[in-house]
Amino acid sequence: MTLFAWLSSILVAVIVLTVTAFGLWWERKLAGRMQSRLGPTIVGPIGLFQPIADLLKLVQKEPIIPQRADRALFWLAPPLTTLFALLVAALVPFGPKLAPANIDVGVPLIIALGGLALIPVWMAGWASHNKYALLGAMRAVAQSVSYGVPLVLTALVPVILAGSMNLNSIVAWQHRHHWLVVWPVFLGLPAFILFILAMLAEANRIPFDIPEAESELVAGVSTEYTGMHFGFIYLAEYVHTLVGSAVASTLFLGGWDGPFGPSVLWMVLKTCLLFSVLYWLRWSLVRLRADQLMALAWKWLVPAGLALVLLAAVWTQTPWGR
Amino acid sequence: MGYLLDGLKSMWTTALNAIRPPFTQEFPKVLRPHPERYHTSFALLHDETGDEACTGCGACARICPSQVITVKLGKRESAITQKKRGYADDFTLDLTACLVCELCVQVCPTDAIVMLKVPELPGFRREDLVLSMPRLYENEKSKPLGWSNATKLMAMQDPKAGAAKPEPSKETAPAPAAAGAAS
Amino acid sequence: MTFTATMIVFALVGALAFVGSIFTVRSSKLVHAVLWLGVTLGMTAILFVQLGAPFLAGIQLLLYVGGVMTLMIFGVLLTKRDGDSELKTEEPSRERGALIALAVFAVLAGTIWLGRDALQRTAVPSLGTGWLGTSLLTRHLVAFEALSALLLAAMIGAIVIARRRDPDQPSEPKES
Amino acid sequence: MEATPAWRKLPYRRLELYEPEGDLMTLQLGPQHPSTHGVLRIKLHLDGERIVKAVPFPGYLHRAVEKLCEQLTYVQIAPIVDKNDYVAPMTSEQAIILAIEKLLKVEVPRRARWLRSALAELQRVASHLLWLGTMTLDLGGALGGGGSVFVYTMRERELVLDLFEGLTGSRFHYNTHTVGGNRHDVPAGWAKDMHAALDLIEKRIPEYETLTQNNRLFVERMRGIGVLEPELALELGVTGPNLRASGVDHDLRRDAPFHAYDEVATNVITAKAGDCLARTQVRVAEMKESVRLARAFIDGLPEGPLVSGKPIKLPGQFKVNSGQVYAALESARGELGTFLVAGAGTSPYRLKIRPPSYHAISALPYLLPGHTVSDTVAILGSLDPIMGEVDR
C-alpha cells in the first residue's frame, strides 16, 4: 500500500465517524422537529455536542454480564458489529482518487461484508442467555438471509449497466453517462428503491427493525447489554445506515460525481441527504411483522430484482444501452 | 405501490408537523402559563386582624381522605384581640401522600388553609415535602396564593344559586344549540 | 529467502486458519465450533486475495462466511440451548478421522510436491472476472448447467422434505 | 345436552402434543415490559414465534382501593378512586359518585348533569387519544413512526388536560364531582377555549388516520388479528369499544342513559370484523362523535345550581343505613360499574368496582393463541387495558 492509500483510508474513517457523530445529533434534532419537539438543546450550541455527552455517559456505565452468558462471545460481539460496519466504509470511493480500497470486486465484497455484520448480532443475541435476545437473534438471521438476495440482485443492475464491479468504475461510468437513477429511469429508479428497502432491512431499521422491536422484544439482541457494549451495537446501526446510504448513492446517485467543487463534498452531501430521508422514513412508519417481512422479501423484492436484472441485461444489448 | 404511496403520505404528515412550531418547551427556562385555578402546595393564612386564622378545629384533618394533616388544638388568648380562642398548636401537612383534592380548603370554616399557585413541587428529601406550621405560614408571605378558599368554593356550590329559574321539565328541554354558551 | 510483508501476512493468516480449523474440531460448544469455522473460512478468503483472486475471495465471504455460516447458525438456533450443547466424540471415530485427515494431507502435499516445477515456472495470469464469466458460459457451459440443475434438484428436494407434515401435529389455526 | 358452540373453543391449542420441555419456549411477557401497558404479566408458551397458550397474570398493581373505600366516608371516596383509571380519572370518579348518589337518593341538578356529560365526553376524547398513541407505539416502537403518533396524540391530549386544569385546577386527579353535583363551576371563557381545542383536535384527527388506520402498513398489522367473536365477547363481559367493534350494538349512553345522555342523542358506532383494525376504527370514529357531543353539551349547558344537596362540609354528612345499588356508566373503555352496599352510617359496607379493562384482558387467552409475539402487543394494545383499573 502506498502512503497515499494509507492517508486516504484514514481520511475516510475520520469522515465516516464524524458524519456518524453528527448524524446522531441531526437525527435526534430531525426527529424532534417531526414530533413537535425541540430535540437536544442543552449540551453545546443547539445541542450539537449531544453525541459526545451520550458517549461519555455510555463509557461511564458499568458493563453488566449475565451470570449464565457466554462471556467470550458476549464481550466480543459488540465491537465486532461496529468493526464490520466500518469495514464496508473502506470500500466506498469518496472521490476519483480517494478510494482506500479500489478493488475490482467492490460490489460483491460490500454485500458480503454487510452480510457479515449479521454474525456478531447473532453472537450477541445467543451469548446473552436471554429469551428476548434469542428471539431477536433468530429474527435477525432470518431477515438477513432473506434480504441479502434482493440486495445482491438490485446491486447487479448498476454492475451490468456499467460493465464493472469496481465501485469507482461504476461512478466513473455514471460520470460519463447519466446518474443511474436519472437514466435509464425505468431501471435505475426501481432498482434504487428496492436497494434502499433491502438495505434498510439489512441495517435493521424501521420499518424493518423487527430484530430489536422494542415494543415486542424489549430491546432484542441488545437487551442484556449495558454501557459501551450497548454503545457499540447502537453505533453499528448508525454506521450501517450511513454506509448503506453511501453505497446507495455510489451505485445509483452518481457517487462523487457533481457539477462543480471537490468530489468529497458531493459524496458527503448525497450520503447525508439520503441518510436524512431514511430517518424521515423511520419516524413516519410503523414496523412490519416478521412474517410480512419475509413475504415482502420473497414474494415481491426477489422477483422484482430478478426481473430488473434481466431487463438490465436486455437493455445493454439494445442500441440505446450500449 | 399502495404501500409506497401510503408511506409517502405518512412522510408528508410528519414533514407537516416538522414545519409547525414545537409544542414542547425547555422546562426550567420556560414555564407554561397556569390557569387561575391551578393549585399545588399549601399555605396557612392570617386573618384581617393579623392574627392566625386557623382555629385548630381539625375539620381539614378529619375530611382528608389520605389523612396527611395532623392538627393539635390549643386554647389561648389572642395577642391581638385579647380574646381567648382556639389555635393550632401544631399543624403538619405531609405532601408526600397528599392527593391535592382540595377538600381541606373547602371545609375550612375560617378560610385559613389555602393552596398555592407555585409552578412545581420538587424536593430531594422527605423533609422537603413535609410542611410544618412555620413553613405553612412562611408560604403565605413568600409564595403566590391560589385562587380558591372555602368561601369561594362554597359560593360556587351553593344549592340556592340560580335557583330562581325553575328547572325545565324533560319534555320541553331546549335543543342543544338553543341555549346560550355558558360563561 | 527474504521475508516480505506479503509473506508475513501469509504466515499469520495461514496460522490463524490452521488454529481456527483445530478449534472448529475441538470446541466443546457447537456455537464456538461454528464461529471458529467462520474464522477459518474468512482467513481462506484473505489467502485468495493474496493469490490474486479477489473475486473468489468476495464470493468466499458472501457464500461461505455469509451464507453457509448463517445456515449453520440456523441449525444451532433450532437445537436446544442447554444440555445438548456439549459435544461428545466417540473415541474410535477420532482415530479413523485422524487417519483420513492424514491421507488427505498426503494426497495434497504429494500433488504440490509433484507439480512444484510447474508451479514455479508459470506465472499465474491475472485473469479478471470477465474471463471467468466467459469461460463458464462457453467452455464449461455443460458442466456449469449440470451443476445448476443439480443444485436446483437439491433445493426442490429440501423444500419437499421440509414441507412434509407430521399428521399428529396440530393444524394451523385459521386467522380470520 | 346441546353441542358445544364453535366459538366456545379451548383458550389454547393442544398443549399435550408438545414435549413439555423440548418443543415449547415459555416467555414471560412482563410485568416489566415496554408494551404491557403497565404491569401485566402474560405467560406465553411459544412454538417458534407462534403462541400456543397464553395466560395473563394481573395483580401487580393491586392497591386494595375497594377495601380502602370501606374505611372512608362517602364524601372522601371520590378523590381516592380517581387513581383507578389513571388515563380517564374523570369517568372513574363519576362512576363512584353515580353509585353514591343512587344509594343516598340524591337528586342531581340539571346543570351538573350536563356539565358531567360534557366532561365525560372530553375525557373520552383524551383517553382515546392516549390509546391511539400507545397503540401505535406498540406497533411502531418508541424509535419510529409509532413514537411520532404518540407525541402527536399526547400533544392534543394536553389540550384537553389544559381544559380540565382550567376548570378544576388539577391536570389529572380532579375531585371535581361531589355527591349531588359538581364542585367547580365553568369559568368565564372556558366554553370558548373548549371549542378552540376541539376544533384543533377535529382538524388533526385526519392526520392520525393517515399515519395509522389509512396507512396500509398499519392496516396489514391489524387486519384479521385478534378476532373477538361477539358471542365470546358477551360471554366474557367485554364492553365498550371492544364489544362494539365485534358488531354488538351496545352503549350505555343510549341503552341506559346516565347524566344527561337522555337529552342528547348518541350515535353508537359499531364495526363488524371484531379484529384489531375494527377496534381502531371504532375508537377513532368515537373520538369524532365525542367531539360533537362535548360541543352539544357545553353549548346547551343550562343555568341553575350546580349542587342540589349541601356542599361537602363534614366527612360524615351523608348517612344511610341500608340498601345496595349498582350504577354503571359508559367510560372510554366500556361499562364502568360500581356495586355499593351501604354500611351502618357514613361508610360503605362493601364497594365493588367492575372495571371494563379487566373483562377486556380476560379475552387474551382466547385471542392470543395462533398469533405471533408481534401480534401480542397489537392485540393487547387494541384492547386498551389500563392496569390501574384492572388491579384496583
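The values are calculated or read from the model by the stated rules, or taken from the named source; none is laboratory data. Since we're looking at a predicted model, the values are computed, not measured. Don't worry about glycine lacking a Cβ; one is built from the backbone with ideal geometry, like all the others, and counts go over all protein chains shown. Quick note on the areas: whole protein, heavy atoms, side chains included, nothing else; ligands and nucleic acids left out. Shrake-Rupley method; radii C 1.70, N 1.55, O 1.52, S 1.80 Å.
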Among (1) within 14 Å of chain B (Cβ to nearest Cβ); (2) part of a helix (DSSP H, G or I); (3) open to solvent by 30 Å² or more (accessible area, probe 1.4 Å), the one test that D:Arg254 misses: (1)
How many of the residues making up region D:209-228 are touching a Ser or Thr at 6+ places or on another chain (Cβ under 7 Å) and either within 24 Å of D:Phe150 (Cα to Cα) or of a type outside the set (A, V, I, L, M) (or both)? 9
In region C:109-145, residue modelled with the highest pLDDT [restricted to those that are of a type in the set (D, E, K, R) and either open to solvent by 90 Å² or more (accessible area, probe 1.4 Å) or assigned by TED's automatic domain parsing to the domain that holds C:Ala53 (or both)]: C:Glu145
Does D:Arg183 satisfy the condition of being assigned by TED's automatic domain parsing to the domain that holds D:Gly381, of a type in the set (Lys, Arg) and more than 20 Å from the chain's Cα centre (by Cα)? yes
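Of everything in region B:38-72 that's on the phi > 0 side of the Ramachandran plot and open to solvent by less than 30 Å² (accessible area, probe 1.4 Å), which residue is nearest to the other protein chains (Cβ to nearest Cβ)? Spell out the reasoning first.
Let us first name the residues in region B:38-72 that are on the phi > 0 side of the Ramachandran plot, namely B:50, B:56, B:58, B:67.
Adding the requirement that they be open to solvent by less than 30 Å² (accessible area, probe 1.4 Å) leaves B:56, B:58.
Working: B:Gly56: 17, B:Gly58: 11 Å.
Across region B:38-72, the extreme among qualifying residues is B:Gly58.
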Of C:Leu30, C:Leu62, C:Leu12, which residue is modelled with pLDDT of 75 or more and facing another protein chain (nearest Cβ under 9 Å)? C:Leu62
Within region A:223-274, can you find the residues that are open to solvent by less than 20 Å² (accessible area, probe 1.4 Å) and polar (S, T, N, Q)? A:Thr241, A:Ser245, A:Ser249, A:Thr250, A:Thr271
Residues located in region D:307-321, provided they are in contact with a Gly (Cβ under 9 Å, 6 or more places away or on another chain) and either facing another protein chain (nearest Cβ under 7 Å) or part of a loop (DSSP other than H, G, I, E, B) (or both): D:Val307, D:Ser308, D:Gly309, D:Lys310, D:Pro311, D:Gly316, D:Gln317, D:Phe318, D:Lys319, D:Asn321
If I ask for residues that are open to solvent by 10 Å² or more (accessible area, probe 1.4 Å) and under 24 Å from D:Leu217 (Cα atoms), which ones from region D:339-392 would you list? D:Pro369, D:His371, D:Thr372
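Would region B:103-111 turn up any residue that is within 27 Å of B:Val30 (Cα to Cα), acidic (Asp, Glu) and modelled with pLDDT of 80 or more?
As a first pass, look at region B:103-111 and keep what is within 27 Å of B:Val30 (Cα to Cα): none.
Looking for residues that are within 27 Å of B:Val30 (Cα to Cα), acidic (Asp, Glu) and modelled with pLDDT of 80 or more, one finds none in region B:103-111, hence no.
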Select from region D:259-278 the residues that are within 12 Å of chain B (Cβ to nearest Cβ) and open to solvent by 20 Å² or more (accessible area, probe 1.4 Å) and write down the one among them that is nearest to D:Ile97 (Cα to Cα). D:Asp262
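Check region B:73-83 and report whether any residue there is part of a loop (DSSP other than H, G, I, E, B), open to solvent by less than 10 Å² (accessible area, probe 1.4 Å) and closer than 30 Å to D:Ala188 by Cα.
Step one: of region B:73-83, the residues part of a loop (DSSP other than H, G, I, E, B) are B:78-83.
Applying the additional criterion that residues be open to solvent by less than 10 Å² (accessible area, probe 1.4 Å) yields B:78.
Checking the rest, the ones that are also closer than 30 Å to D:Ala188 by Cα come to none.
No, region B:73-83 contains no residue that is part of a loop (DSSP other than H, G, I, E, B), open to solvent by less than 10 Å² (accessible area, probe 1.4 Å) and closer than 30 Å to D:Ala188 by Cα.
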Among the numbered criteria (1) in a helix (DSSP H, G or I); (2) away from chain A (no Cβ under 14 Å), which single criterion is violated by D:Val108? (1)
State whether the residues of region A:41-54 include one that is under 25 Å from the mean Cα position of the chain (by Cα), under 30 Å from C:Ser28 (Cβ atoms) and among the aliphatic types (A, V, I, L, M). no
Here is a list of conditions, (1) modelled with pLDDT of 90 or more; (2) polar (S, T, N, Q); (3) under 18 Å from D:Pro356 (Cα atoms), and D:Ser290 meets all of them except one; can you say which number that is? (3)
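Tell me, yes or no, whether region D:300-308 has at least one residue that is out of contact with any strand residue (DSSP E or B) (no Cβ under 9 Å at 6 or more places or on another chain), free of Cβ contacts under 8 Å to residues at least 60 places away in the same chain, assigned by TED's automatic domain parsing to the domain that holds D:Ala245 and of a type outside the set (D, E, K, R).
Within region D:300-308, none of the residues are out of contact with any strand residue (DSSP E or B) (no Cβ under 9 Å at 6 or more places or on another chain), free of Cβ contacts under 8 Å to residues at least 60 places away in the same chain, assigned by TED's automatic domain parsing to the domain that holds D:Ala245 and of a type outside the set (D, E, K, R).
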Criterion violated by B:Pro35 - all others in (1) of a type outside the set (Val, Ile, Thr); (2) open to solvent by less than 40 Å² (accessible area, probe 1.4 Å); (3) part of a helix (DSSP H, G or I) satisfied: (3)
Collect the residues in region D:164-184 that are at the interface with chain B (Cβ under 9 Å from one of its Cβ atoms), part of a helix (DSSP H, G or I) and in contact (Cβ under 8 Å) with a residue 12 or more places away in the chain, keeping them in residue-number order. D:Gly166, D:Leu167, D:Thr168
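Could we say that D:Leu217 is surrounded by 23 or more Cβ atoms within 10 Å (Cβ to Cβ) and within 14 Å of chain B (Cβ to nearest Cβ) here?
Values: surrounded by 23 or more Cβ atoms within 10 Å (Cβ to Cβ): yes; within 14 Å of chain B (Cβ to nearest Cβ): yes.
It is true that D:Leu217 is surrounded by 23 or more Cβ atoms within 10 Å (Cβ to Cβ) and within 14 Å of chain B (Cβ to nearest Cβ).
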Apart from one, (1) farther than 26 Å from A:Ile65 by Cβ; (2) in a loop (DSSP other than H, G, I, E, B) all hold for A:Leu200; the odd one out is (2)
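So that you can scan it fast, the table gives a plain yes or no per residue for (1) open to solvent by less than 50 Å² (accessible area, probe 1.4 Å); (2) of a type in the set (D, E, K, R); (3) touching a strand residue (DSSP E or B) at 6+ places or on another chain (Cβ under 9 Å); (4) at pLDDT below 85:
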{"residue": "A:Ser276", "(1), (2), (3), (4)": "yes, no, no, no"}
{"residue": "A:Arg282", "(1), (2), (3), (4)": "yes, yes, no, yes"}
{"residue": "A:Val309", "(1), (2), (3), (4)": "yes, no, no, no"}
{"residue": "A:Thr316", "(1), (2), (3), (4)": "yes, no, no, yes"}
{"residue": "A:Pro319", "(1), (2), (3), (4)": "no, no, no, yes"}
Select, from D:Ala296, D:Ala285, D:Ala342, D:Ala332, the only residue that is closer than 20 Å to D:Lys83 by Cβ, modelled with pLDDT of 85 or more and of a type outside the set (Ser, Thr, Tyr). D:Ala332
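Looking for whichever is among the aliphatic types (A, V, I, L, M), within 26 Å of B:Arg125 (Cα to Cα) and more than 10 Å from chain D (Cβ to nearest Cβ) here; the options are B:Ala97, B:Ala79. Which one fits?
Values: B:Ala79 fails: within 26 Å of B:Arg125 (Cα to Cα).
Exactly one residue qualifies, and that residue is B:Ala97.
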